[in-house]
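Each value in this text was obtained by applying a stated rule to the coordinates, not by laboratory testing. All of these numbers come straight from a predicted model, not from anything done at the bench. No Cβ is skipped: glycine too gets one built from the backbone with ideal geometry, and neighbour counts run over all protein chains shown.
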Amino acid sequence: MAAYKPVVVQACPKLGERITQDTLYWRGYKTPVQIKEFGAVSKIDFSPVPPYNYAVTASSRIHIYGRYSQEPIKTFSRFRDAAYCATYRDDGRLLAAGSEDGSICLFDVSGKAPLRQFEGHTKPVHLVGFLSDKYRIFSGGDDYSSKLWDIPSATEIISYSEHTDYVRCGCASKVNADVFITGSYDHTVKLFDARTKSSVMTIEHGHPVESVLLFPSGGLLVSAGGRYVKVWDVLKGGQLLVSLKNHHKTVTCLCLNSSGQRLLSGSLDRHVKIYSTTSYKVVHSFNYATSILSLALSPEDETIVVGMTNGVLNVKHRKPEEKNENSQKKRQPAYRTYVKGRSYMPKQEDFCVSKPVKRVLRKYDKLLRSFQSSKALDAVLEPPIMLHTPEVTVAVMQELHRRGTLRSALAGRDEKQVNLLLTFVARRVIEPRFTPVLVIVADMITDIYQPVVGQSAIVDKQFLKLQQAIGKEIDYQEELLEVLGMMDTLFATFTKKRDTCLEENKSNGVTEIIETNRNY
Amino acid sequence: RFSLSTAKTKGGDNRFSCVVCHPTEDCIATGHADGKIRLWRNFHHKKTYTYSALHWHHDTVMDLAYSLEGTRLLSGGVESVLVQWHNESSCQKDFLPRLGSPIECISMSSDGVLCCTLHTDNRISIINSNLRFSRSIQGLIKSRDVKTGLVVDPRTKALVLNGEPGHLQFYSLQSDQQLFSLDIVQRQYIHQAGLKQSDLVKVAFSARGTWLATVEESEEVADPELQLKLWFYSEETQSFALNTRINTPHDNHITDMCFRDMDELGDDSLILVTTGRDCVFKVWVMVEYSDPEAHQSVSWSCDFVGSYHNYQATNCCFSEDGSLLAVSFEETVTVWDSLTWDLKCTFCHPPGNIRNICFGRLTCSKYLIGATDYGFLCCWNLLTCALEWSAHLNVVVLQPDPLSEHIAAVSWLSKESSLFVFKPSEPWPVYIQRNLCKEKILLAAFVPRDEPEMISSEKYLWLRKSQLFFLTDTQELMTLSTKSLEERLTPSSKQLAVEESLPVTPFSVLLGKHRRQQAQEDTDLGKPVVHNKQEQASPAVKELLHTPAHVLPSASFLCTIFINSLLISKENKSAEEVADEVEMESEKAEDESDEEDVTAMEQEDTSHMELLGEMTCKLSKSQEKELRKIRKMDYSWISAF
């Protein structure tokens, strides 16, 4: 003997991107704050210590912003020409920056005038960074050289001139105080050890290198240049692990999130892509208004800051975690109520009586089970169900139609209910998944309530609305059919030019896609 | 008394459908076609009778039954709800809803503890006195219409066809049991006449039985509500789980569906083809999700849509190696390459639409067979693209044997069905059986045997690897047996020996009594009763009586066996005399066996079941096979009592 089967509510798969944990996580940011800078934002760097201020290098200035401030809390503007690559030291107290005239300035975060100035590069310096022992600075310039400086004495320790083009990016290893890497427009990434006189490793990227990044472990190296992002295994002597081509313009900046699980890349194609570092698949992507030059993520992923070519700084803050769980949480029965008697093992002579599982039926199902058609329809016409889950309402209507009782369920309603019903039908009848059922419903309503048309202004208005909606939809479908016809002619002309057998497939496939588009 | 009550009806809708007397009081309950139950009292006084009505059923009351004390009245009808009325008042009633199918008969056991209901779908439910469902006895479920065809599940070798409404039944031919019933439509079935119900119309299995494709549609002609469902067999739960549901796969009715069954390539290359009356055929393929976190790893989606001059697609069929797909469009058969989906060639045999197509197998794989509704059977050679031979034959069913080259064609010619078995390479048939049966055969299926059978006769060589089953339009399931009647009956003498050792059950006691009675009657009539006659007759009669009632063949079929078993070759009685005598006897015997079965079921149902169980387990395999061969399902026969 079968039990009552509840009404099947047809779930429609959501079209478009699938919602994953990642999309939920990366969507959890507020609407961005836009700050206008003086020129293209070439570098953004977060202070590694709280309160996580960030330094923004744009044109000839370096602005330091607080976490939620929209105005810079501090400005370094002592540059004659453009400043580059303002970078914090690990303790967040010193800031180094290169400049167009070839000098490197070292600032105290609290001071204004530079503490030290390192002269030696003959051309603009686009790369400055601290080694992890905090006492040395490495730099790279457009004079093809990369140099190592001692902070206390402000002198040059060593100079490497191995690159054959501008050195534009680099980074220091966090695990070894002597190791740093530089990327250059000569398509190579070189790994230097401060203890040796020459580079230790050279990696051929294949395109001018715009950005390099070392994983916190120091074992993996990521380089970006051209449209490619490439991941290399340093410990295996620079073996290529994976090459990612997800942008359609030059990738300009790279960044890791705080956990090291996700890699972010920004590009001139206005996209920021987020990759999983285990599968190297794109898990999410952001769109921006203009080409992206720089990108930074604060510790704990609280803030995403993106710098654009038009000088706009785009700051996104994370939404605070929703705390309403605590307030709404009801007092649940104690844990032991659930486990009570569960661990009891029946003895051999015990007689086991199985308790039937209580099935919970929705209200409309209970009514349908007892064949109360009108009441079941009333139950699904209640605003919460009708507004949020229209598929339930439509499913019940379909079930009633199947039972042949839809007409009697629809009949005998007062003005308010008819109004409600018509509002629903007029709004949803154009949705393809509901159309077949709601057309029948609309048909029946007009049949039943035809004699009373003209008695109520509200109902008449709804009827007109329904007529409008259907008329619009018919026009739209006709237009689509015209487009389809045009495309068919186009495909027909294609077919003549090329091999027939291949083309037949394609045209069939494409029309199929168009048809499904029309249907859904 | 009955004539009195019929005279008092008002006519019209309230026709009598059933009548039952109160066990103790002067009261009669009658059921009517309008769903009312009327209670008539005081019948002894001609003028002063009164009646009251109970009304719950919305359709005809099929049967009524009083409880032992007469305090409770049970009624049942098309709604498939058992209603229990207390004290003959309309306010106090209990229901046992959703019994599966309309109730035809209700019967109370003599001690009043159990009650059983007979349903239209060839099933008996046993219900406790407190209206709790206890168990059901069922074999092959009779459905309203077998639309799915006879399909063989490759895993269990069970026959798969429509069962309960919206369900698919897996029926094991070996054990005569329903293995399980798969709910395909998953919707509450409303038992009410005149409703447009949706039901299962097409079923296809993949070669290994891991995938099952089903099509369900509502009965509406204009705008059928179509759903294509794909089910995956999960080894863990040992059942099919829904994988993909496609709403409206075609704009009109789906006419045919088949999987490309390629054993060696595994399930990744599975392709499903559906043909529809909307003039296209569609190819469905599996799509794998790249996302490892996704709930399912695969789903199905449409890959290719093909059409031919806007003709309705009627049949589809894959060649044995899966490289070619044949789709028939009204009068034309088109052959497509399954890799590139190019149209390779077309065949046509005007006039007449193509009714069936199939590819030859093994050595005959270069042939394509088609049957037209104009009465032609054509065989085309795929290598030369020419007609090899054709025959004038009104083929209704065309069924290729999956294990050999043979193809069975069943023709229907004015009131008789004939069977032709042929190889596509030869235009003359291997086997012909004219006048197979009087009913129209609608479906056929080859069921692979567990082990190839040793067949001496040249004529039946084609039945070596698989067995042929037919379903007629009266829903009788038949099979073709290779042995003659005597051969089939001999092993049952061994069965007799087995039965002697069985414990004495009420059923066997009853049987013994009847046998004694029969012998007495014979002697009373003064017939020359010879002992060896009884011995001879016993295997056939035994078998007749010991086969479960619901699997016994029809009376017309049993008659010949019975006569043969009673014939005494030495005596030179005139043939007519013997026939007359024996026919009378056989009828009587059958009636007896009917009664026995019914009473046994009612009284001692459990013991009956036990008996059957013991019997079957004690039979050797060969004996079982023999038994099976003469089994035929006859529903009209069982519903007659």
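Across region B:233-247, the residues whose backbone nitrogen lies under 14 Å from the label position 7 Å along the beta-carbon direction of residue A:12 are B:247. Principal-axis analysis of the Cα atoms of chain A puts helix A:390-403 at an angle of about 30° to the longest axis.
Of the trypsin sites (Lys or Arg not before Pro) in region A:144-221, the ones in a loop by DSSP (not H, G, I, E or B) with at most 10 other beta carbons within 10 Å are A:195, A:197.
Amide hydrogen proximity for residue B:134: with H placed 1.01 Å from N in the peptide plane, the residues at 5 or more positions away or on another chain lying under 5 Å are B:126, B:127, B:128. 3J(HN,Hα) couplings calculated from phi for region A:177-186 with the Karplus curve 6.51 cos²θ - 1.76 cosθ + 1.60 (θ = phi - 60°) are, in sequence order, 6, 9, 9, 8, 10, 10, x, 9, 6, 7 Hz; Gly and Pro show x. When you count the other C-beta atoms within 10 angstrom of each residue and take the mean per peptide, A:148-160, A:390-402 line up highest first as A:390-402, A:148-160. Shielding value for A:396-408 is 2, the average number of Cβ atoms from other chains within 10 Å of each residue's Cβ. Mean separation of Cα pairs under 8 Å and 6 or more residues apart, divided by the residue count, gives chain A a relative contact order of 9 percent. Per residue, the convex hull spanned by the alpha carbons of region A:24-317 comes to 112 Å³.
The stretch between residue A:344 and residue A:22, if pulled fully straight at 0.36 nm per residue, gains 111.7 nm over its current Cα-Cα span. Counting charges near residue B:60 (Lys, Arg +1; Asp, Glu -1) among other residues having Cβ under 9 Å from its Cβ returns a value of -1.
Using the Karplus relation 6.51 cos²θ - 1.76 cosθ + 1.60 with θ = phi - 60°, the per-residue 3J(HN,Hα) values for region B:134-140 come to 9, 6, 10, 10, 8, x, 7 Hz, with x marking Gly and Pro.
Peptide packing: for B:67-74, A:250-257, the average count of neighbouring Cβ atoms within 10 Å per residue gives the ranking A:250-257, B:67-74, highest mean first.
Residue by residue along B:301-311, Cβ atoms of other protein chains within 10 Å of the local Cβ number 2 on average. Estimated purely from DSSP H runs of n ≥ 4, each contributing -39500 (n - 2.57), the mean residue ellipticity at 222 nm for chain A is -9000 deg cm²/dmol once divided by its residues. Size descriptors for chain A: radius of gyration and Dmax over Cα atoms are 33.4, 99 Å. Couplings 3J(HN,Hα) of region B:340-357, computed from phi: 9, 6, 8, 7, 8, 7, 10, 10, 8, 9, x, x, x, 6, 6, 9, 9, 9 Hz, in residue order, whole Hz [Karplus 6.51 cos²θ - 1.76 cosθ + 1.60, θ = phi - 60°; x for Gly and Pro].
Near the amide H of residue A:115, within less than 5 Å, lie the amide hydrogens of A:106, A:107, A:108, all on another chain or at least 5 residues away, with H placed in the peptide plane. Take each residue of peptide B:186-193, count the partner chain Cβ atoms within 10 Å of its Cβ, and average: the result is 4. Principal axis extents of the Cα atoms in region A:363-473, from largest to smallest and rounded to whole angstrom, are 36, 29, 25. The value of relative contact order for region A:363-473, using C-alpha pairs under 8 Å at least six residues apart, is 23 percent. The value of relative contact order for region A:24-317, using C-alpha pairs under 8 Å at least six residues apart, is 13 percent.
Peptides A:348-359, B:76-87, B:245-256 ranked from most to least packed by the mean count of surrounding Cβ atoms within 10 Å: B:76-87, B:245-256, A:348-359.
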